[in-house]
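Below is one structure, written out as structure tokens, with a few remarks after it.
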Protein chains: 2
Amino acid sequence: MKIPDRTVERVILYRRRLRTLHAAGQVRIYSHELAGVEGVTPAQVRRDLMTIGYTGSPAKGYEVAGLIAKIDETLNPHQDEGVVLVGVGRLGKAFLAYFAGQANHLPVVAAFDVDPEKAGRLVHGCRCHGLDELETVLAERSVRVAFLTVPGDAAQEVADRLVRAGIRGLVNLAPIRLRVPPEVYVEYLDITVSLEKVAFFARRDARAAARSS
Amino acid sequence: MKIPDRTVERVILYRRRLRTLHAAGQVRIYSHELAGVEGVTPAQVRRDLMTIGYTGSPAKGYEVAGLIAKIDETLNPHQDEGVVLVGVGRLGKAFLAYFAGQANHLPVVAAFDVDPEKAGRLVHGCRCHGLDELETVLAERSVRVAFLTVPGDAAQEVADRLVRAGIRGLVNLAPIRLRVPPEVYVEYLDITVSLEKVAFFARRDARAAARSS
């Protein structure tokens, strides 16, 4: 089943919302309720749910528990997978701290750093290995996703090694664009760029408001 | 000057690249060099630079230092501004740790948390205040941007207070969509959704590859 990028993102958001409603005891939900929360149209919600093959009746509302189960089945058929993180510097540590203790079916199962001093240590509960162990550790585990939190000048080389070792999805926090084969999916999370962008628009609107007053 | 969202994002990326080249001693750069690095076309680079009013000659290449100065002038006319962060839980602390000691013209100047125990403390070098001091502290400073790292169920209320107190740009890490007035710019950074999306595509390609082999 080929599901478009944006659909996957929306379905993940629906599931998060549905889990909250399910925990609060809600049994059924209409597409317009789900739409309102996520800022999309009810028609979009219905199309998205048809895309993942959910066959509930929009007229009577969707069954919350059944819909969650269907999304889980579509997005996460193997619950036992984990992710690895490469680059245990300031950013990598911040992420390990964030994920530590979080209920997450994608736990960080191993971290790697070029600094041999860090090998063998536990960082926020996660075992840290030397970068030279990357291929060995990945060969032992069925990991397909990696967080890349290395500096920009090391990112491409590390990404190449990860891809050769079987990684097929990267969350890239390094400040560069990566060149990867078409079968590898890269998501860019660029905190500094996001912040600078917001700062620019916050000021632009200030100037526009000043002019119009 | 009305600069589109995507142009701002690209110009921020160009600047980061230009700063690296400048530090390495490069004096001039052609649009195709800048384009290659960021994965856009040279024509796009030239359009973007015209949009911000840079008048270098593409034929002879752009002057690296002059271009950086022009981008700074366009994007950051006031270098003295800072940002605040609301929500000093696991995620907020991770961000404070990340930004601490980073050369950044947008320092986190104050943090806020609902827990009165945290008031008065320094967290990774940043002063933490009780949430009840939000309006007072913002009134004293010319801050227009906030990081929102509170839990989802508190995010809308905190966002409303921030907007009333003069905040015009939000980097939202809380797992909900925010309702804000049109003059407020929100950037969503959703780490869990990004990770789940990558995990899905990493598996999808695995299945597609298995079928075609």
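Computed quantities for the displayed model
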| read-out | value |
| --- | --- |
| Loss of accessible area when B meets A, both sides summed, Å² nearest 100, probe 1.4 Å | 6000 Å² |
| Carbon and sulfur %, accessible surface of the stretch A:83-193 computed with the full protein complex present, 1.4 Å | 51 percent |
| Net charge contributed by nearby residues that have their C-beta within less than 15 Å of A:Arg90 (K/R +1, D/E -1) | +1 |
| Heavy-atom accessible surface of the stretch B:5-73: percent carbon and sulfur, 1.4 Å | 55 percent |
| The stretch B:83-193: projected area of the alpha-carbon convex hull, averaged over directions, in nm² | 6.6 nm² |
| Area accessible to solvent at B:Glu38, 1.4 Å probe radius, in Å² | 30 Å² |
| Cubic angstrom per residue, convex hull over Cα atoms of chain A | 175 Å³ |
| Sorted peptide list for B:162-169, A:67-74, criterion being average Cβ within 10 angstrom, highest first | B:162-169, A:67-74 |
| Nm distances between copies for A:Pro4, ranked from closest, using label points 7 Å along Cα→Cβ | 1.8 |
| Beta carbon of chain A nearest to the axis of the rotation taking A to B, residue and angstrom distance | A:Ala94, 2 |
| Rule-of-thumb Rg ratio for the protein assembly as shown [Cα; 2.2 N^0.38 Å; N residues] | 1.03 |
| Sequence ranges B:185-192, B:84-91, A:177-184, B:3-10, ranked by mean other-Cβ count within 10 angstrom, highest first | B:84-91, B:185-192, B:3-10, A:177-184 |
| Per-residue average of Cβ from other chains inside 10 Å of B:13-24 | 2 |
| For A:Gly25, label point 7 Å along C-beta direction: distances to other copies, nm | 7.2 |
| Magnitude of the charge dipole, the stretch B:1-127, Cβ model with Lys/Arg +1 and Asp/Glu -1, debye to 20 | 280 debye |
| As computed over the stretch B:95-149, the Cα convex hull volume per residue (Å³) | 83 Å³ |
| In the protein assembly as shown, lysine pairs closer than 15 Å at Cα, eight or more apart or cross-chain | 5 |
| Kirkwood estimate for the stretch B:5-73, i.e. one over the average of 1/r between Cα atoms, Å | 11.7 Å |
| Two-decimal Rg/Rh across the stretch B:24-126, once Rg and the Kirkwood Rh are taken from alpha-carbon atoms | 1.17 |
| Charge tally in the Cβ shell below 14 Å around B:Ser194, where Lys, Arg are +1 and Asp, Glu are -1, B:Ser194 excluded | -3 |
| Rounded to the nearest 20 debye, dipole of the stretch A:5-73 from Cβ charges on Lys, Arg, Asp, Glu | 120 debye |
| Signed unit charges on C-beta, dipole axis of the protein assembly as shown, positive-most listed residue B:Phe112, A:Val171, A:Cys126 | A:Val171 |
| Residue-span extension gain [A:Tyr188 to A:Ala65] - 0.36 nm each, minus C-alpha spacing | 41.1 nm |
| Dipole magnitude (debye, nearest 20) for the protein assembly as shown, charges at Cβ of Lys, Arg, Asp, Glu | 1020 debye |
| Nm distances between copies for A:Ala69, ranked from closest, using label points 7 Å along Cα→Cβ | 6.7 |
| At least 30 Å² of accessible area lost relative to the chain alone, listed for the stretch A:133-150 with a 1.4 Å probe | A:Arg144, A:Val145 |
| Top positive-direction residue, dipole computed over the protein assembly as shown with Cβ charges, set A:Met50, B:Leu21, B:Ala69 | A:Met50 |
| Inter-chain shielding of B:174-180 (mean C-beta neighbours from other protein chains, 10 Å cut-off) | 3 |
| Accessible solvent surface per residue of the stretch A:110-156, calculated while the other protein chains remain in place, 1.4 angstrom probe, Å² | 50 Å² |
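The values are calculated or read from the model by the stated rules, or taken from the named source; none is laboratory data. All of these numbers come straight from a predicted model, not from anything done at the bench. Every residue, glycine among them, receives a Cβ derived from its backbone with ideal geometry; neighbour counts consider all protein chains shown. Quick note on the areas: whole protein, heavy atoms, side chains included, nothing else; ligands and nucleic acids left out. Shrake-Rupley method; radii C 1.70, N 1.55, O 1.52, S 1.80 Å.
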